Structure formats: C-alpha cells, structure tokens
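Student: Can you keep this structure in mind? I'll have questions shortly.
The numbers here are math on the coordinates, done by the rules we state, and not lab data. Keep in mind the model is a prediction, meaning the values are calculated, not measured. In this analysis, Cβ positions are derived from the backbone assuming ideal geometry, glycine residues included, and neighbour counts consider all displayed protein chains.
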Amino acid sequence: MAYFKHFPKMYYDVRGSETVAQRDIVTNILARVLVKSHGWANVDGSITETLIGVGYFQKYLIGDGDRPDTLAHQLYGDSELHWLLFYINGSRMLNPFYDWPLTQYDLKKFITKKYANINAIHHYKDADGYEVDSDAAGATSVTNWIYEEELNDSKRPIRVLQESMVGLVVDEFKSLMNTQ
C-alpha cells in the first residue's frame, strides 16, 4: 500500500501567480492522524478496552542497520508498510529522519561533524541519571560521544503491531484519512 495514496486531495495554486489563480489538485501531505489503540479492536466499551487494544502490540528493539522498509518486510511481509511502524508509534515517531536511530557508522559521522572534540565533557550526571553540576556528590562526566549514543539508543525500543491486526489498522488509517 502506497502511504500517500490515501491522503486527501486539495486545491492549491502551485504556480504562485499574483494575477491569475491556477489551482491544481494536489495531495495534502500535511494531513495527520494518530492511531487509536482500540479503534480496530472488537471491544465493548468496558474499562478493559485500553488493555485489549494494547495487547495487539509487542515491544521491538531496532537493531543496528534496521531500516523501516526492511523491518516492515520482516514483520509484515510487505516493505511498503514501513509507514505503519511510524503510525503505530504515534507522536514518538513523527519524523523518519530524526526519530529512527542512526547506524553506528552514521552516528560516528554525525558526532564527528557536530562536535570539535567528541571526548569533551557534555554534562555531568548523578547515580540516578539526573543532570547535575560538576561539583555535586557522585557526579560522573558524560562525553559528547556518550551523550549522543545514549540519545540514539533511546530511539531503539518501539512497539510493533501483531501481523494479524495489520489489515484492520490499515483500514482504520484509510477511514481516518477519509479516502476509502
């Protein structure tokens, strides 16, 4: 399924002429919807409704080199369902360029370009992981490299949808985008 195929259309003046409006029908790429964890489940409105919806998800740890398309093929047998990984993770994964973890190779290039000294101290933290001043009791230093690596690793755990529910979630997406 092509992701943008199901987005609504709109009229837009792509030529930008100030004297004559020439509108074309274009895909509204700014349209957004968030997944309803229970919208596609057969539920009765009881207090356990959220638990039932959540039960269709599993935790997954993105490995080094995993890409959305290859992961979608591995999980769902269709690489075009890569968008589903972002959709079911909601507001946690809005931007595929910044919300998906970098490979170690790309992370090293990124850190080297961002910092003049990758081993310089970025900040200090205490035993509980809170950022503290350098003279705080038990403060340990966190280098630029470690800071960026921890930030990148925090993007690795995601939730994936059970394969049996993919069709229902895709139908929900189409319905919410009003393009069925």
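Student: Once you order the gyration tensor axes a ≥ b ≥ c over the Cα atoms, which shape class does the chain get: rounded for a/c under 1.5, otherwise prolate or oblate by comparing a/b with b/c?
Tutor: Because a/c hits 1.5 or more and a/b fails to exceed b/c, the chain counts as oblate.
Student: Shape call for the range 86-180 from the C-alpha gyration tensor, a ≥ b ≥ c root eigenvalues: rounded (a/c under 1.5), prolate (a/b greater than b/c) or oblate?
Tutor: Judged from the Cα gyration tensor, the range 86-180 comes out prolate (a/c at least 1.5, a/b above b/c).
Student: Here is a further query. Across the chain, how many lysine pairs, 8 or more positions apart or on different chains, have C-alpha atoms separated by under 20 Å? Please give the number.
Tutor: Pairs that pass both the separation and distance tests number 8.
Student: Let me know the shape class of the range 49-132, please: from the alpha-carbon gyration tensor, a ≥ b ≥ c as square roots of the eigenvalues, rounded when a/c is under 1.5, otherwise prolate if a/b is greater than b/c, or oblate.
Tutor: It is oblate, given that a/c is not under 1.5 and a/b is not larger than b/c.
Student: Based on the alpha-carbon gyration tensor of the range 104-152, what equivalent-ellipsoid semi-axes (square roots of 5 times the eigenvalues) come out, in whole Å, largest first? Present the calculation step by step, with values, prior to reporting the outcome.
Tutor: On the way: eigenvalues 107, 24, 7 Å².
Largest first, the range 104-152 gives 23, 11, 6 Å.
Student: Among residues other than Val132 whose Cβ falls under 10 Å from its Cβ, what is the net charge (Lys/Arg +1, Asp/Glu -1)? Mind showing how you got there, number by number?
Tutor: Numbers: positive: Lys125; negative: Asp126, Asp128, Glu131, Asp133, Asp135.
Residues close to Val132 contribute a combined charge of -4.
Student: Rounding to the nearest 10 and keeping the result within 0 to 90°, find how far the Cα-based axis of helix 144-153 lies from the longest principal axis of the chain.
Tutor: 40
Student: Give me the net charge of Ile158's neighbourhood, meaning all other residues with Cβ under 12 Å from the Cβ of Ile158; Lys, Arg count +1, Asp, Glu -1.
Tutor: Net charge in that neighbourhood comes out at +3.
Student: Against the longest principal axis of the chain, how steep is helix 104-114, in degrees 0 to 90 to the nearest 10, with axes from Cα atoms?
Tutor: Around 70 degrees separate the two axes.
Student: Suppose only helical runs count, i.e. DSSP H with n ≥ 4. What mean residue ellipticity at 222 nm does that imply for the chain under -39500 (n - 2.57) per run, divided by all residues and rounded to the nearest 500 deg cm²/dmol?
Tutor: -8500 deg cm²/dmol
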